[in-house]
Amino acid sequence: MSDGASQGLQALILCGPGGSLSTFTSRPEEYPKALIPVANRPMIFYAIDLCRHSGIEDVTLITPPLCYPPLQQAMDTNPYLTLPCLPSVSIIAPKQLTMTTGTAELLRLPEVQRCIKNNFLLLPCDIICELSGESILEAWWTTQAASKVALGNPGPGAARNGILLNGSYFQPKKSERPKAEQESVPEEATDFVAIGPLELNDTRIVPSCEDPAKPRFNLSKLLMSVPMTTIKEKTAGTRRVLLRRSLVQYCGRVRVLTAFRDAHIYVFPYWVKDLLKDQAKLDSVSEDFIGNWAKSAWQAGLGDKMGLTKDFDPPGVLIPGTRQHGAFVDKVIDLQRMSSTKSYPKTEVTSFLAGLKSAETSFSSSPFSSQCSSPQSPQPRPPTALPQLLAYVHRGSTPLIRRIDNSAVLLSTSLLLAKLPSVEEVGPEKASSFAHAKKITHPDNIAPRSAVTEKDCLIDRNVIIEETAVVKESVIGAECHIGSSARIHRCVLMDGAVVESRAELTGCIIGHRAHIGHGSVLRNCEVQDALVIPTGTIARGEKLMVEVAMADEVDE
């Protein structure tokens, strides 16, 4: 990607608590959500890698103070997070940030406000996006520049008027589990999204090379974005969704999407920092801020109420080469060119004053002189327009876009990435950006009589697999040990897990350093980190945690 597409952008990655992955985030002081492995890589790796492919080198992780020590240690020692190709990453842990703080409230914290110094890309730590950020960033810069020209306002106000923002929506993929196992898999959350087409004569449309009539980047007007859970609560009795008439009057070709979800990837202009600071009632960026901003295009008065028409640009002179987000600085004074710092010959000074007086006389006699305002009277700044919200709607299953916010998606995405051909097999040019160097890091540690299907498995370093063990379509983390005659199918084993002999695991996620006893049979289960499962345990569709184990002992 060209450096111009990411010029003046920084990235903020929100490393939240991971409540939907409570089995593995119950001790965030040891393993926060951002470090949960996805295909043997920490989850945060994929968000940082997205920034790398977007050309953004200023990356900041925002995390609660409780999660700061393990996250900082991982950034310093984890082999996947210390790759030289990744951009340098800084971590901030605001003191007021808790596990329940909303995303909009988070951006209002003083530490975060000081961190934002430019236009910024906001994204979650659980995003896995194979689509390069180049398309979204180039679309943002293109539409921003085109809006300034369309408004006919090249002055300072142009940095505020018509700035566009992109949200990204993708269609969740159905579970890849067998039909017999899909009953226990919860559906992935979606949003109620209303979009409208851009006009063909809109100057913000950049024609595609393949089809000049088709808008580039799949951009649409975002008219509404509400979680489907909220819609279902409001329509529980009537089962009808009521829309305002003003929506249809504003855009007659409204398309409603109910099978898509917000990827929570936003490109924000710099002044959004000040806008959110003034909106103390907003709690969530996705639902409160983006949802209300989208409706402000057709709901009268909402934009003024949110402060979208407020001008956050202080008066000054925009210096070329500085931030292109509307921030202004004082006029630069060239001391070397000032008369007080440079002497001139007397004849040259007399000639200059004579020419200046002649030009002043000719201008005063010009008919245009009466139309010019006095130098002391400042020119009124143009009115601030309501910035429009655009959305990028990603259709299809390729390139891959996923939000890893529940265990079912964690399992299915890990198994999907395990099937990608390795760099060793197809070469660096044809390999996916998510492909590993090798499918099996240390094949010498696998016993000769064991059965491991290499095409759909991913086995990290220092994994020991004993004789007659069977491993199919699974992801095995580093330092794991699999005993003899064990059966593992469609499972994810995190680092340091131990599976004793004759144990059978199907569709399970085993946490860090967990120990599965001899002869245990687990199907569609989640096992907490460092939990010891007794010998001969039989479980199906359960979350095996410390509290559950203690309750079972009391019942006995």
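The values are calculated or read from the model by the stated rules, or taken from the named source; none is laboratory data. Computed from a prediction, not measured in an experiment: that's the story for all the values here. Cβ atoms come from the backbone with ideal geometry, glycine included; neighbour counts cover every protein chain shown.
Checked across the range 232-246, the condition of being within 20 Å of the chain's Cα centre (by Cα) and within 26 Å of Met99 (Cα to Cα) holds for no residue. The single residue among Lys179, Lys95, Lys148 that is over 18 Å from the mean Cα position of the chain (by Cα), modelled with pLDDT of 70 or more and not aliphatic (A, V, I, L, M) turns out to be Lys95. Scanning the range 423-432 for residues that are among the basic types (Lys, Arg) and either touching a residue at least 12 places away in the same chain (Cβ under 8 Å) or in a helix (DSSP H, G or I) (or both) yields a count of 0.
Quick grid of which residues meet (1) assigned by TED's automatic domain parsing to the domain that holds Leu109; (2) at pLDDT 90 or above; (3) touching a Phe, Trp or Tyr at 6+ places or on another chain (Cβ under 6 Å); (4) not in a strand (DSSP E or B):
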{"site": "Ser168", "(1), (2), (3), (4)": "yes, no, yes, no"}
{"site": "Lys173", "(1), (2), (3), (4)": "yes, no, no, yes"}
{"site": "Ile195", "(1), (2), (3), (4)": "yes, yes, no, no"}
{"site": "Thr203", "(1), (2), (3), (4)": "yes, no, no, yes"}
{"site": "Ser220", "(1), (2), (3), (4)": "yes, no, no, no"}
{"site": "Val226", "(1), (2), (3), (4)": "yes, yes, yes, no"}
{"site": "Lys232", "(1), (2), (3), (4)": "yes, no, no, yes"}
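Out of all the residues in the range 294-316, is one or more at pLDDT below 85 and exposed (fewer than 11 other Cβ atoms within 10 Å of the Cβ)? Among the residues of the range 294-316, at least one is at pLDDT below 85 and exposed (fewer than 11 other Cβ atoms within 10 Å of the Cβ), which makes the answer yes.
Which one of these is closer than 15 Å to Ala104 by Cβ, surrounded by fewer than 19 Cβ atoms within 10 Å (Cβ to Cβ), among the acidic types (Asp, Glu) and modelled with pLDDT of 80 or more: Asp262, Asp278?
Residue meeting the stated conditions: Asp278.
Would you point out which residue out of Leu410, Leu420, Leu356 is in a helix (DSSP H, G or I) and either under 30 Å from Gly18 (Cβ atoms) or modelled with pLDDT of 95 or more (or both)? Testing whether each residue is in a helix (DSSP H, G or I) and either under 30 Å from Gly18 (Cβ atoms) or modelled with pLDDT of 95 or more (or both) leaves just Leu410.
When the range 483-531 is examined, which residues are found to be among the basic types (Lys, Arg) and not in a strand (DSSP E or B)? Listed by number, the residues that qualify are Arg490, Arg502, Arg513. Among residues that are more than 22 Å from Ala74 (Cα to Cα), at pLDDT below 95, surrounded by 21 or more Cβ atoms within 10 Å (Cβ to Cβ) and not hydroxyl-bearing (Ser, Thr, Tyr), Ile401 is included.
Out of the residues in the range 40-55 that are touching a residue at least 40 places away in the same chain (Cβ under 8 Å) and surrounded by fewer than 22 Cβ atoms within 10 Å (Cβ to Cβ), state the one that is farthest from Asn119 (Cα to Cα). Within the range 40-55, the match that is farthest from Asn119 (Cα to Cα) is Asp49.
Each row is one residue, and each column tells you yes or no for (1) over 36 Å from the mean Cα position of the chain (by Cα); (2) surrounded by fewer than 19 Cβ atoms within 10 Å (Cβ to Cβ); (3) of a type in the set (Asp, Glu).
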position: Val463; (1), (2), (3): no, no, no
position: Thr468; (1), (2), (3): yes, yes, no
position: Val475; (1), (2), (3): no, no, no
position: Ile488; (1), (2), (3): no, no, no
position: Asp495; (1), (2), (3): no, no, yes
position: Ser520; (1), (2), (3): yes, no, no
position: Arg523; (1), (2), (3): no, yes, no
position: Gln528; (1), (2), (3): no, no, no
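Let's see how each residue does on (1) in a loop (DSSP other than H, G, I, E, B); (2) over 15 Å from the mean Cα position of the chain (by Cα); (3) not basic (Lys, Arg):
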position: Thr23; (1), (2), (3): no, yes, yes
position: Tyr31; (1), (2), (3): yes, yes, yes
position: Phe45; (1), (2), (3): no, no, yes
position: Cys51; (1), (2), (3): no, no, yes
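Restricting attention to the range 281-293 and to residues that are touching a residue at least 60 places away in the same chain (Cβ under 8 Å) and of a type in the set (S, T, N, Q), the residue that is surrounded by the most Cβ atoms within 10 Å (Cβ to Cβ) turns out to be Ser286. For the range 3-15, the criterion of a residue being under 25 Å from Asp495 (Cβ atoms), among the acidic types (Asp, Glu), in contact (Cβ under 8 Å) with a residue 12 or more places away in the chain and surrounded by fewer than 23 Cβ atoms within 10 Å (Cβ to Cβ) is satisfied by no position. Of the residues screened, Ile538 is not one that is modelled with pLDDT of 95 or more and touching an Asp or Glu at 6+ places or on another chain (Cβ under 9 Å).
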